[in-house]
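**Student:** Let me give you the structure first, and then I'll get to my questions.
The values are calculated or read from the model by the stated rules, or taken from the named source; none is laboratory data. Fair warning: this is a prediction, and the values are worked out from it, not measured in the lab. We place every Cβ from the backbone using ideal geometry, glycine too, and count neighbours over all the protein chains shown. Side chains are part of the model used for accessible areas, which takes the heavy atoms of the whole protein and leaves out ligands, DNA and RNA. Shrake-Rupley method; radii C 1.70, N 1.55, O 1.52, S 1.80 Å.
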Amino acid sequence: MSIILNHVNYIYGEDGPLAVKALDDVCLQIPDGQFVGIIGHTGSGKSTLVQHMNGLLRAASGHIYFNGEDIYDKDFQMKKLRSKVGLVFQYPEHQLFEIDVFSDVCFGPKNLGLDRREAELRAFDALRKVGMPAELYYQSPFELSGGQKRRAAIAGVLAMSPEVLILDEPTAGLDPKGRDEILRQIKELQVRTNMTILLVSHSMEDVAEYVDRIIVMNKGKVMYDDVPREVFSHYKELEKIGLAAPQVTYILHALKDRGFDVDVNATTTGEAVETVLGALGRKGTYI
Amino acid sequence: MLRDITLGQYYQTESVIHRLDPRVKLGGTLLYIISLFLFRNFLGYGAAAVFLAAVIGLSHVPFKFIVKGMKAIVFLLLITVVFNLFLTPGTELVSVWKLTITVEGLRTAVTMAVRLTMLIIGSSLMTLTTTPNNLTDGMERMMRPLKVFKVPVHEVAMIMSIALRFIPILLEETDKIMKAQIARGADFETGNIVKRAKALVPLLVPLFISAFRRANDLAMAMEARCYRGGEGRTKMKPLVYEKRDRLGYLCIFVYLAVGITVGRLRF
Ligand SMILES: Nc1ncnc2c1ncn2[C@@H]1O[C@H](COP(=O)(O)OP(=O)(O)O)[C@@H](O)[C@H]1O
Ligand SMILES: [Mg+2]
């Protein structure tokens, strides 16, 4: 079904000297099967927001509903929520601990109380989904490359078969190639399984190509919540809060200013190529 | 979760006490603690309480925040009081079943409770108003004479400041790893001792790995900046006594003189 946040507030270090209002009256609905990008500058509250969605942080006020149940109800089972809403933390490779990749991926499903057969089958399935090369399954997770470690960690959450997958900056610290590979794999996963996916990022470039909807966070508040092309039309405001629209937006606006009849709302490189070619009166396909 | 521990923590704000030279605070705290053990009557504790209240007032640290840090040691305090109350021999005051409270017991228990509370508030006030770096700087400077006896004062101070610097980082790291494993269905809170100990493996392994990684990075960074121990090293901000520091020492000595004079009277 869906996740609904209703007037959620959260403050770190509530009565200390350094209290930080990390979430300020956040209201959101995440329907099933949507691929959502959550974007914001560092410190805007993205990680805090997603930790509310699986109950790791408890809102100071407000309510969160998951599949029609209030997650703060006394008899609500948090453990069940955590298996349904899988959260992959930033730098998830820091949580690897088992002697080999396969056992590490089994940790989640085993915690759900599944028997060995079921847990191991799920682990195989998850490792395949994230594109882990089979010869690495029985390697120590600490000997993998950065990108492979991250795959292993994502598989660890995926193996719990969540209905909603949340990835907190899954591309942080990866090189451009590793970044594109991971993002493509996530998109493929979403298309194939129609899973609800929330992708947290501080880079528009990351999400523009893939998501159906973008939520822009600024200082703990939801600033924009719309389809990518609508959000990017505010590119001047986005710059003010330290975010940049994708490069194509800038190029298209510059072309428009110089008199070319291009559609400035194209968000992906493919769309941009098409509208530029159209303006030039040529036909072509984006390679 | 783990960030609620306030004992030994620094409270950032602007105050005279925060700006005092760490040596004044270290020396003052030491003398204050000694003074608590010299008093023979309640006038002395009264003087100590007034002095403490004045310092808390000047420090701009909310009293609520100080008390919050005390919660961790309430249990210790309680044990001390109970043992003293029931196990001190002397003239009987009340007796219920096998337990006897004596006049002497009551007196020692109350004295102990007052002493411990003031001692802990006093010393946590020092850490609340002094940054760890400042604190180790002060200690290094005060222990300098020990160099004559070949004590590696600088190295000890450096180790201490690094350790102190890493406590919040490792706490934060623990918090993060714990959350990440809880998100994978780990359970740190239920089960018997064996089960709970086992549940710590997914927390401790990543934590140790991260601690070693950080230590390695730090060592590399220090070496890259040519750190080779304390020999010939100068300070960017050397500790220099100012007027307020001399005034601070004066206040402490006035307190000591008054406290000990009235506190050691016998009635
Ligand atoms: N554990 C914490 N304790 C105190 N403050 C925190 C903690 N985690 C985050 N914050 C603060 O809350 C705000 C939001 O942080 P976060 O949700 O991590 O932002 P983002 O993920 O968008 O970078 C920041 O100002 C940050 O400094
Ligand atoms: Mg974050």
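**Student:** Taking region A:115-144 as the region of interest, how many residues are open to solvent by 50 Å² or more (accessible area, probe 1.4 Å) and among the aliphatic types (A, V, I, L, M)?
**Tutor:** Qualifying residue count for the region: 2.
**Student:** When only residues in region A:20-48 that are in a loop (DSSP other than H, G, I, E, B) and more than 9 Å from ligand 1 (Cβ to nearest atom) count, which is least open to solvent (accessible area, probe 1.4 Å)?
**Tutor:** The extreme case among them is A:G33.
**Student:** Confirm whether A:D73 is within 9 Å of chain B (Cβ to nearest Cβ), among the charged types (D, E, K, R), without any contact (Cβ under 8 Å) to a residue 24 or more places away in the chain and more than 26 Å from A:A159 (Cα to Cα).
**Tutor:** no
**Student:** Does A:L112 count as facing chain B (nearest Cβ under 9 Å) and of a type outside the set (D, E, K, R)? Spell out how you get there, then give the answer.
**Tutor:** Details: facing chain B (nearest Cβ under 9 Å): yes; of a type outside the set (D, E, K, R): yes.
It is true that A:L112 is facing chain B (nearest Cβ under 9 Å) and of a type outside the set (D, E, K, R).
**Student:** When the residues of region A:2-22 are narrowed to those that are within 24 Å of A:M195 (Cα to Cα) and hydrophobic (A, V, I, L, M, F, W, C), which ends up nearest to the other protein chains (Cβ to nearest Cβ)?
**Tutor:** Start the filter on region A:2-22 by keeping residues that are within 24 Å of A:M195 (Cα to Cα), which leaves A:2-6.
Adding the requirement that they be hydrophobic (A, V, I, L, M, F, W, C) leaves A:3-5.
Numbers: A:I3: 15, A:I4: 20, A:L5: 18 Å.
Filtering region A:2-22 for residues that are within 24 Å of A:M195 (Cα to Cα) and hydrophobic (A, V, I, L, M, F, W, C), the one nearest to the other protein chains (Cβ to nearest Cβ) comes out as A:I3.
**Student:** Give me the residue from region B:187-212 that is of a type in the set (A, V, I, L, M) and open to solvent by less than 50 Å² (accessible area, probe 1.4 Å) and, out of that set, modelled with the lowest pLDDT.
**Tutor:** Let us first name the residues in region B:187-212 that are of a type in the set (A, V, I, L, M), namely B:193-194, B:197, B:199-201, B:203-205, B:207, B:209, B:211.
Checking the rest, the ones that are also open to solvent by less than 50 Å² (accessible area, probe 1.4 Å) come to B:199, B:203, B:205, B:207, B:211.
On the way: B:A199: 89, B:L203: 94, B:V205: 94, B:L207: 94, B:A211: 92.
Taking the candidates together, the pick is B:A199.
**Student:** While we're looking at this one, here's another question. Within region B:226-245, does at least one residue satisfy the condition of being farther than 30 Å from B:L31 by Cβ and among the hydrophobic types (A, V, I, L, M, F, W, C)?
**Tutor:** Within region B:226-245, one or more residues are farther than 30 Å from B:L31 by Cβ and among the hydrophobic types (A, V, I, L, M, F, W, C).
**Student:** Related question: Could you tell me which of the residues B:Y241, B:Y227 is at pLDDT 90 or above, of a type in the set (S, T, Y) and over 30 Å from A:M78 (Cα atoms)?
**Tutor:** Criteria check complete, one pass: B:Y241.
**Student:** Only one of these is acidic (D, E), open to solvent by 30 Å² or more (accessible area, probe 1.4 Å) and outside the structural domain of A:L136 (by TED's automatic domain parsing): A:E98, A:E69. Name it.
**Tutor:** When all the criteria are applied, what remains is A:E69.
**Student:** Considering only region A:38-56, state which residues are touching a Lys or Arg at 6+ places or on another chain (Cβ under 7 Å) and away from chain B (no Cβ under 14 Å).
**Tutor:** A:I38, A:G40, A:S44
**Student:** Name the single residue that is nearest to the other protein chains (Cβ to nearest Cβ) among those in region B:67-92 being hydrophobic (A, V, I, L, M, F, W, C) and exposed (fewer than 14 other Cβ atoms within 10 Å of the Cβ).
**Tutor:** This residue is B:V67.
**Student:** May I pose another question? Could you tell me whether region A:152-164 includes any residue that is modelled with pLDDT of 90 or more, more than 15 Å from the chain's Cα centre (by Cα) and open to solvent by 10 Å² or more (accessible area, probe 1.4 Å)?
**Tutor:** yes
**Student:** Any idea which residue in region B:93-115 is most open to solvent (accessible area, probe 1.4 Å), counting only those that are free of Cβ contacts under 8 Å to residues at least 40 places away in the same chain and closer than 24 Å to B:L26 by Cα?
**Tutor:** Filtering region B:93-115 for residues that are free of Cβ contacts under 8 Å to residues at least 40 places away in the same chain and closer than 24 Å to B:L26 by Cα, the one most open to solvent (accessible area, probe 1.4 Å) comes out as B:M112.
**Student:** May I pose another question? Tell me, which strands (runs of 3 or more DSSP E) wholly within region A:163-278 include 2 or more residues that are over 24 Å from A:G33 (Cβ atoms)? Steps first, answer last, please.
**Tutor:** Values: elements: A:164-168, A:196-201, A:213-218, A:221-226.
Of the strands (runs of 3 or more DSSP E) lying wholly inside region A:163-278, those with at least 2 residues that are over 24 Å from A:G33 (Cβ atoms) span A:221-226.
**Student:** Limited to region B:12-28, what total is found for residues that are surrounded by fewer than 20 Cβ atoms within 10 Å (Cβ to Cβ) and within 14 Å of chain A (Cβ to nearest Cβ)?
**Tutor:** The total comes to 4.
**Student:** Quickly run through region A:196-242 and pick out the residues that are open to solvent by 10 Å² or more (accessible area, probe 1.4 Å), β-branched (V, I, T) and within 16 Å of ligand 1 (Cβ to nearest atom).
**Tutor:** The answer is A:V222, A:I241.
**Student:** Suppose the filter is surrounded by fewer than 19 Cβ atoms within 10 Å (Cβ to Cβ) and of a type outside the set (G, A, S); does A:D180 pass it?
**Tutor:** So A:D180 fits the description; yes.
**Student:** Looking at B:K64, is it in a helix (DSSP H, G or I), open to solvent by less than 70 Å² (accessible area, probe 1.4 Å) and among the basic types (K, R)?
**Tutor:** On the way: in a helix (DSSP H, G or I): yes; open to solvent by less than 70 Å² (accessible area, probe 1.4 Å): no; among the basic types (K, R): yes.
In short, no.
**Student:** Report yes if some residue within region A:92-110 is under 30 Å from A:G13 (Cα atoms) and either at pLDDT 95 or above or within 16 Å of ligand 1 (Cβ to nearest atom) (or both); otherwise report no.
**Tutor:** yes
**Student:** Please indicate, with yes or no, whether at least one residue in region A:53-69 is under 23 Å from the mean Cα position of the chain (by Cα), in contact (Cβ under 8 Å) with a residue 60 or more places away in the chain and within 16 Å of ligand 2 (Cβ to nearest atom).
**Tutor:** Within region A:53-69, one or more residues are under 23 Å from the mean Cα position of the chain (by Cα), in contact (Cβ under 8 Å) with a residue 60 or more places away in the chain and within 16 Å of ligand 2 (Cβ to nearest atom).
**Student:** For region B:235-267, how many residues meet the condition of being in a loop (DSSP other than H, G, I, E, B), more than 17 Å from B:N134 (Cβ to Cβ) and not basic (K, R)?
**Tutor:** So the answer is 2.
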